[in-house]
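**Q** First the structure, which I've put down as structure tokens, then a few questions once you've had a look.
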Amino acid sequence: MFHVYTQQKIFDRYVDLLLPAFVALCYFADKADTRTKPEGWDRAQVPMGLLQIALALALVGFVQLQSFDRAIVWQSRMRNQLSMARNALAAQAEGGPGLERRGVGFLTFSTNPEKTLGLLKEARAAGILPASLVR
Amino acid sequence: MSRQAEASRGSDAAVAAATAFLVTLAARLLFVSRYSVDMPFLDQWDAELDSLLLPYVRGDLEWQTLFSPHNEHRIFFTRVLTLILYSVQGVWSPRTMAQVQTILPALTASLLAYWSVRDRGSRAGSWVLIVAAFGLPLAVTNHLWSFQNQFGFLVLFSIVAIRLAATEPSLPRFLALMCFSVFAYLSMAGGALTPLVCAGMLGVHAVRSGRSGRLLSMALLLVGLSLLLYLLTPDVPQHDALRAQSITKSAAAFSLLLLWPFGVGAFVWLPGRLLRLPVVATRSQGNHLVLVPVGALRLDACDERCTRGSPE
């Protein structure tokens, strides 16, 4: 498994490679179109279309970079929740006094941690919990 | 167009659709497989586990539950997909669902690529933009959270309905249009606006063709359907605080949505808007399909402004 930072760098490279490739593709595709549509407004569409594509791709690039950051944060947050849910189930299996309510509360059946805990118990009894939770 | 040219275009369209499907699916799957975690989140606890899977396992799930509201939404298709996946797998797996739901945007991209080539001839630029729009991770949560397939269903059904309204529909096409509008609503509450967009398109057809009677009747039926679906949408008092409380706040929220992302959206899309001007001006049939996603976006922004317009 790559370190999170390494993953980020890999995807940064992916975006670096991808965007120029898109620009090139769009440019040649629209250039090809001009051979069949050389008249009037159709001709004027080409530079404007290219400008639109370039602006859109620049925007996509920014959103993309943000997306990968957000994906890593999401993954980390969900792994954290998974770990807390496992702990809560383990504590319950040991019959100990403390189901970690604090942890289960974070599991965001957000306003009702008691209910989340109840659902976890019932789902485990029914055998339908995700494999990752009962492993 | 000669029969041979038509066959060739049909074959090009099929290739464009197949490749758009595969590339979009692969891009989405790569992202989801790398970042998703097999852990339920937020509404999944009550909407999937408590209301659906546990009653299903206990044997007391009622069919009405599939149509019942979840907040403002009636997420029929999400529920059906969850049940199918559970029945196949025998376990509740949000990660698998996140992977399976990638089929929806891939299918939408595939349809758009098909129509784009079949209606307007081979256009690699359009293909690339369609695949980029649906394949790249632009809205991360919708990719990684398995409870977001409602958006995939909504976009898919709405686009099919809009396509059916893009040319003057025969009676069977109109009935299909009504069905897909209802499907859009059974994906998310925002689908109540889909028939309104289609009604607008039929109105444009009516004005342009001069055969207004039949088309306007169809448009009115669609407006009625939209109203009916709106009335079927439950009010959720807990969400009152999320709504815009004044016209000023409403307008501010609307502007913000139209300027997405980073508040520069309006400027980024300006060349495209200028490009559409002659489309508005010309009377060519079918071309105003281009206008429809724009109308749909506007309506979606209106919807979002009304339901989540509070700056707090």
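The values are calculated or read from the model by the stated rules, or taken from the named source; none is laboratory data. Source: prediction; values computed, not measured. Cβ coordinates were reconstructed from backbone atoms using ideal geometry, including for glycine residues, and neighbour counts include every protein chain displayed. Heads up: the accessible areas ignore ligands, DNA and RNA and are worked out on the full protein's heavy atoms, side chains in. Shrake-Rupley method; radii C 1.70, N 1.55, O 1.52, S 1.80 Å.
**Q** Which numbered condition trips up B:ILE75, out of (1) open to solvent by less than 10 Å² (accessible area, probe 1.4 Å); (2) within 14 Å of chain A (Cβ to nearest Cβ); (3) farther than 22 Å from A:ALA71 by Cβ; (4) modelled with pLDDT of 90 or more?
**A** Here B:ILE75 meets the rest and fails (2).
**Q** Working carefully through the options B:LEU30, B:LEU49, B:LEU53, find the one that is within 13 Å of another protein chain (Cβ to nearest Cβ) and modelled with pLDDT under 90. Talk me through it step by step, then tell me what you get.
**A** Details: B:LEU30 fails: modelled with pLDDT under 90; B:LEU53 fails: modelled with pLDDT under 90.
The unique qualifying residue is B:LEU49.
**Q** Taking segment B:1-35 as the search range and keeping residues that are under 23 Å from the mean Cα position of the chain (by Cα) and open to solvent by less than 20 Å² (accessible area, probe 1.4 Å), which one is nearest to A:LEU117 (Cα to Cα)?
**A** B:VAL32
**Q** Given the structure, is A:GLY105 within 13 Å of chain B (Cβ to nearest Cβ), modelled with pLDDT under 60 and either part of a helix (DSSP H, G or I) or more than 23 Å from B:SER87 (Cβ to Cβ) (or both)?
**A** Criteria met by A:GLY105.
**Q** Being of a type in the set (Ser, Thr, Tyr) and open to solvent by 10 Å² or more (accessible area, probe 1.4 Å) narrows it down to one residue among B:SER212, B:SER181; which is it?
**A** None of the others qualify; the one that does is B:SER212.
**Q** Something else: Assuming B:ASP12 fulfils every condition listed in (1) acidic (Asp, Glu); (2) in a loop (DSSP other than H, G, I, E, B); (3) over 20 Å from B:SER146 (Cα atoms) apart from one, which condition is it?
**A** Result: B:ASP12 passes all but (2).
**Q** What is the number of the single condition among (1) touching a Pro at 6+ places or on another chain (Cβ under 8 Å); (2) closer than 27 Å to A:MET78 by Cβ that B:TRP45 does not meet?
**A** Unmet for B:TRP45, out of (1) touching a Pro at 6+ places or on another chain (Cβ under 8 Å); (2) closer than 27 Å to A:MET78 by Cβ: (1).
**Q** Out of the residues in segment A:85-99 that are open to solvent by 80 Å² or more (accessible area, probe 1.4 Å) and at pLDDT below 70, which is farthest from the other protein chains (Cβ to nearest Cβ)?
**A** Step by step, filter segment A:85-99, then rank; the result is A:PRO97.
**Q** Any idea which residue in segment A:68-84 is modelled with the lowest pLDDT, counting only those that are more than 7 Å from chain B (Cβ to nearest Cβ) and under 20 Å from A:ALA125 (Cα atoms)?
**A** The qualifying residue modelled with the lowest pLDDT is A:MET84.
**Q** If you don't mind, there's one more thing I want to ask. What number of residues within segment B:38-55 are under 14 Å from A:LEU129 (Cα atoms) and either open to solvent by 50 Å² or more (accessible area, probe 1.4 Å) or among the hydrophobic types (A, V, I, L, M, F, W, C) (or both)?
**A** Final tally of qualifying residues: 7.
**Q** In segment B:134-152, how many residues are more than 14 Å from every other protein chain (Cβ to nearest Cβ) and open to solvent by 20 Å² or more (accessible area, probe 1.4 Å)?
**A** 1
**Q** Within segment B:93-143, which residues are within 18 Å of the chain's Cα centre (by Cα) and outside any helix (DSSP H, G or I)?
**A** Of everything in segment B:93-143, those that are within 18 Å of the chain's Cα centre (by Cα) and outside any helix (DSSP H, G or I) turn out to be B:GLN101, B:THR102, B:LEU136, B:PRO137, B:LEU138, B:ALA139.
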